[in-house]
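Colleague: Please see the structure below; I have some questions.
Rule-based calculations on the coordinates, nothing more; no lab input. These numbers come from a predicted model, not from an experiment. Using ideal geometry, Cβ is built from the backbone for each residue, glycine included, and neighbour counts are taken over all protein chains shown.
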Amino acid sequence: MKATEPKGQKLHISEQPVTLTNWHKHVNWVNTSLILIVPFFGCIAAFYTKLRAITAAWAILYYLWTGLGITAGYHRLWAHRSYEAGLPLQIFLACVGGGAVQGSIRWWSAKHRAHHRWTDTVKDPYSVMKGVWYSHFMWMVLKQNPKNRGRTDISDLNEDPIVVWQHKNYGTVILVFGMLFPMVVAGLGWGDWKGGLIYAGILRFLFVQQATFCVNSLAHWLGEQPFDDRNSPRDHVVTALVTLGEGYHNFHHEFPSDYRNAIEWWQYDPTKWSIWMWKQLGLATNLKQFRANEIEKGRVQQLQKKVDQKRAKLDWGVPLEQLPVVDWDDFIAEAQSGKALVAIAGVVHDVTDFIKEHPGGKTLISSALGKDATAIFNGE
């Protein structure tokens, strides 16, 4: 059925079909520039820019800083309030998080809270139900109808001075910490201005962006669901490796305010380790953890659910409550008439086809015909 416009009301561009004349109106050009166009030219420039070892090392270090700005800052500190950070740490995370070029703290956290509140529904801003590529980055590249936006409470963010400052000055934050700062460090440090801009700046934030986007796509598509399978979030070590520990997403969706994503000592979660280290240094406090008992209950309930699902596929015979009731005299009479019947724990069994296969031998089972064989069955 073709969509029609209500009288006097124009359909939002996202509700209109894409045509040769309106395709550009469907595109969010600001996001597209930061996610696709600028990185594209950065990749082209890399072919004409020598990568020096020291610049590569700086790019990797700054990748880790800006990655933590997202995982430990935007995500676990501001979106979920899973711990408290002192002012110096907040400023650091707000700056390097802005350098990841993924939107302001306020914008990012609001979308993420909506994602948790409306997971896998039409109000989920990056629902994987619309496809892996949509959840990965297309939700930012294409304009979205604000009427479909899932609402959440961000009053705490609106009252946070660091969040408010960064949101108001986000364009400057991107320019300074996304490109100028890494370029200046490389330029003043060892004379590699161009390499600092291309490798530690543009290509570095490209990789940080794509790593974060994997949480929205891969972490809802690849892996196991040890705590709950009602929605799409999954745990997988590959996703954890590329997202600084954000890959244990099934756990995270069940226990979102826990400062950890990985709860086992051997699981890869450098974001958790960083937050813990900041606590030891007095930079972070009030690290929130769900009780181990509650976490284990969630795991056991999911295991029980999987067992029940497998059990339902097996043939368990007629349920005891549906079997006919036979009195003892009738049982004796049936056995004496030649039927191979034995009684075990109050249930009559026809063992005609089992006599020859019984591991105890034909003589043993034959001696129990027409009798209560409970003791024999239990080895008494």
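Colleague: Within straight cross-link reach of K356, meaning Cα distance under 16 Å, which lysines are found once same-chain residues fewer than 8 apart are removed?
Modeller: Output for K356: K339.
Colleague: Would you please name the GluC sites (Glu not before Pro) within segment 228-291 that are DSSP coil residues with at most 13 other C-beta atoms within 10 Å of their C-beta?
Modeller: E264
Colleague: Further question on the same structure: Under the Karplus relation 6.51 cos²θ - 1.76 cosθ + 1.60, θ = phi - 60°, what is the ordered set of whole-Hz ³J(HN,Hα) values for segment 254-266, x standing for Gly and Pro?
Modeller: Here the 3J(HN,Hα) series is 7, 10, x, 8, 6, 5, 9, 9, 10, 9, 8, 4, 8 Hz.
Colleague: Another question, then. Figure the gain on full extension for E321 and T172 (residue separation times 0.36 nm, minus the Cα-Cα span) and round it to one decimal in nm.
Modeller: Details: separation 149, 0.36 × 149 = 53.64 nm, distance 7.34 nm.
My answer for the length gained is 46.3 nm.
Colleague: Further, regarding this structure: Please identify which residues in segment 154-197 have an amide N closer than 19 Å to a label point set 7 Å out from the Cα of R117, following the Cα→Cβ vector.
Modeller: 154-160, 164
Colleague: Once the Cβ-Cβ distance between M129 and H26 is put in as r, and R0 is 25 Å, what FRET efficiency do you end up with, to the nearest 0.05?
Modeller: Values: r = 20 Å, r/R0 = 0.80.
The pair M129/H26 has a calculated efficiency of 0.80.
Colleague: Cut-off under 19 Å on the C-alpha distance; same-chain residues fewer than 8 positions from K50 excluded. Which lysines are left, in chain and number order?
Modeller: K194
Colleague: Same structure again: With 10 angstrom as the radius, rank I332, I162 by how many other C-beta atoms surround their C-beta, starting from the fewest. Intermediate results must be reported in sequence, preceding the final value.
Modeller: On the way: I332 14, I162 19.
With the fewest neighbours first, I332, I162 line up as I332, I162.
Colleague: With only alpha-carbon atoms in the gyration tensor, what are the semi-axes of the equivalent ellipsoid for segment 101-237, in Å, largest first?
Modeller: Numbers: eigenvalues 197, 82, 33 Å².
Sorted largest first and rounded, they come to 31, 20, 13 Å.
Colleague: Rg(Cα) of segment 116-194 divided by 2.2 N^0.38 Å? Before the final figure, lay out each step's value.
Modeller: Values: Rg = 18.2 Å, N = 79, 2.2 N^0.38 = 11.6 Å.
In units of the globular-protein estimate, segment 116-194 measures up at 1.57.
Colleague: Could I ask something else about it? How far apart, in nm, are the 7 Å Cα→Cβ label points at K356 and M138?
Modeller: Result: 6.3 nm between the two label points.
Colleague: What distance in nm separates the two pseudo spin-label positions at R149 and A53, each 7 Å out from Cα along the beta-carbon direction?
Modeller: 5.0 nm
Colleague: If you don't mind, there's one more thing I want to ask. Distance from a point 7 Å along Cα→Cβ of R291 to each backbone N in segment 69-110: keep the residues under 19 Å and list them by number.
Modeller: Within reach of a label on R291: no residues.
Colleague: OK, next. Take the Cα radius of gyration of segment 299-380 and divide it by 2.2 N^0.38 Å, with N its residue count; two decimals is plenty. Let's see the in-between values first.
Modeller: Numbers: Rg = 16.7 Å, N = 82, 2.2 N^0.38 = 11.7 Å.
Output field value: 1.42.
Colleague: Please compare each pair in K10/K130; K130/K305; K25/K123; K310/K371 to a cut-off of 30 Å on the Cα-Cα distance and tell me which ones are over it. Mind showing how you got there, number by number?
Modeller: On the way: K10/K130 24 Å; K130/K305 27 Å; K25/K123 22 Å; K310/K371 35 Å.
Result: K310/K371 exceed 30 Å.
Colleague: Considering the Cα positions of the chain, please state its Rg to one decimal place and its Dmax as a whole number of Å.
Modeller: 31.2, 103
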